[in-house]
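Reviewing the structure listed below.
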Amino acid sequence: MRNLIWKATATGLCALLVSACNPTLRNHGYVPTEEKPQDVQAESDTKASVLSRLGNPSVKSTFDEDTWYYMTSVRQRLAYLRPLTEERSITAISFNDDGQVTKVAEYGLENGQYVNYSDRETPTRGRELSVLEQIFGTIGRIPTDQLGGNQNVPGGSGGPGGGR
């Protein structure tokens, strides 16, 4: 009987460990329903027809409002590891001034490029103060003529007349 319980427990633990290693797939970005962005035809579709069939784009071009991007990606996450992008599809739709589609471009994961970020910092003017210098730095610097209270200065006794 003990042997049977031990085997059942071991089998249950193995099943739990194996199920913990299954990857989790997640879709990000634009999720096409019936119509796909790749189905847009140059010179026969317009902004209105693309908007009615596909909905709002994921992103509009920063400098040119006449280019729309529909982006979709599938990411796989496995336990504690960093997620990996398995699939990526970016469809760029360009329009002319009349709102007619002029070009439909398709980009995939293989078209991506890594960008090296610069870790340089912008220097600031002056010198950096330590915490103690910030706390105790103003001791002895307050002018004694502002402590009187009868003067008409900002932060003084308030308003015209100097507290009369």
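Let's see how each residue does on (1) at pLDDT 80 or above; (2) within 30 Å of V59 (Cβ to Cβ); (3) in contact with a helix residue (DSSP H, G or I) (Cβ under 9 Å, 6 or more places away or on another chain):
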{"site": "R88", "(1), (2), (3)": "yes, yes, yes"}
{"site": "T124", "(1), (2), (3)": "no, no, no"}
{"site": "L132", "(1), (2), (3)": "yes, no, no"}
{"site": "I142", "(1), (2), (3)": "no, no, no"}
{"site": "Q146", "(1), (2), (3)": "no, no, no"}
{"site": "S157", "(1), (2), (3)": "no, no, no"}
{"site": "G161", "(1), (2), (3)": "no, no, no"}
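Residues that are among the acidic types (D, E), without any contact (Cβ under 8 Å) to a residue 40 or more places away in the chain and surrounded by 10 or more Cβ atoms within 10 Å (Cβ to Cβ) within segment 80-137 comprise E87, E133, listed in sequence order.
Scanning segment 10-44 for residues that are more than 23 Å from K103 (Cβ to Cβ), modelled with pLDDT of 80 or more and assigned to a helix (DSSP H, G or I) yields a single hit, T11.
Within segment 53-74, if we keep just the residues that are over 16 Å from the mean Cα position of the chain (by Cα) and in a strand (DSSP E or B), the residue that is farthest from P32 (Cα to Cα) turns out to be T67.
The values are calculated or read from the model by the stated rules, or taken from the named source; none is laboratory data. The shown structure was predicted, so the numbers you read here are calculated from the model rather than taken from an experiment. Neighbour counts are summed over all protein chains in view; Cβ atoms, including those assigned to glycine, are modelled from backbone coordinates with ideal geometry.
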